[in-house]
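Structure, as structure tokens:
Every number here is computed from the coordinates shown, using simple stated rules; none is lab data. The structure displayed is predicted, hence computed values, not measured ones. All Cβ positions, glycine included, derive from the backbone under ideal geometry; neighbour counts span all protein chains shown.
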Amino acid sequence: MITMSIDEKLSLNTYKVYKENHIIVNKDKCIACIEKPCIYCCPTNTYSWENDDLIISFEGCVECGTCEIVCPYKKIRLTYPPLGHGIIYRYG
Ligand code: SF4
Ligand code: SF4
């Protein structure tokens, strides 16, 4: 059986990127959030920390919902891109 890495699997997907961010983050707790699990749990590296700010590169989001669950302060709210936009899973 051939096994694929997460990165290899993700590379099979395509996106129709919508112009507006569908990930709403209230950042008022991010500096105090020591472990910043959103950064480490997102499979597509959507979040990064630069100059004391949480950067959200929403274009590659696969809409899995993990970040919303792991944020200890419940500061992330996911919406979805408009119909026909966002991730297009190769295998449904
Ligand atoms: S996990 Fe939540 S509070 Fe922590 S850095 Fe990410 S969005 Fe901010
Ligand atoms: S929904 Fe999933 S892919 Fe999108 S930002 Fe959150 S953890 Fe990352």
Q) In the range 1-57, what GluC sites (Glu not before Pro) fall in a loop by DSSP, with at most 12 other Cβ atoms inside 10 Å? A) GLU20, GLU35
Q.
If packing is taken as the average count of other Cβ atoms within 10 Å, what order do 37-46, 76-85 fall into, highest mean first?
A. 37-46, 76-85
Q: Could you size up the charge dipole of the range 32-71 around its Cα centre, putting +1 on the beta carbon of Lys and Arg and -1 on that of Asp and Glu, and report it in debye to the nearest 20?
A: 120
**Q.** Per-residue [θ]222 nm for the chain (sum of -39500 (n - 2.57) over DSSP H runs n ≥ 4, rounded to 500)
**A.** -3000 deg cm²/dmol
Q.
Under 20 °C and 1.002 mPa s, how fast does the chain diffuse according to Stokes-Einstein, given a Kirkwood radius computed over C-alpha pairs? Answer in µm²/s, whole number.
A. 151
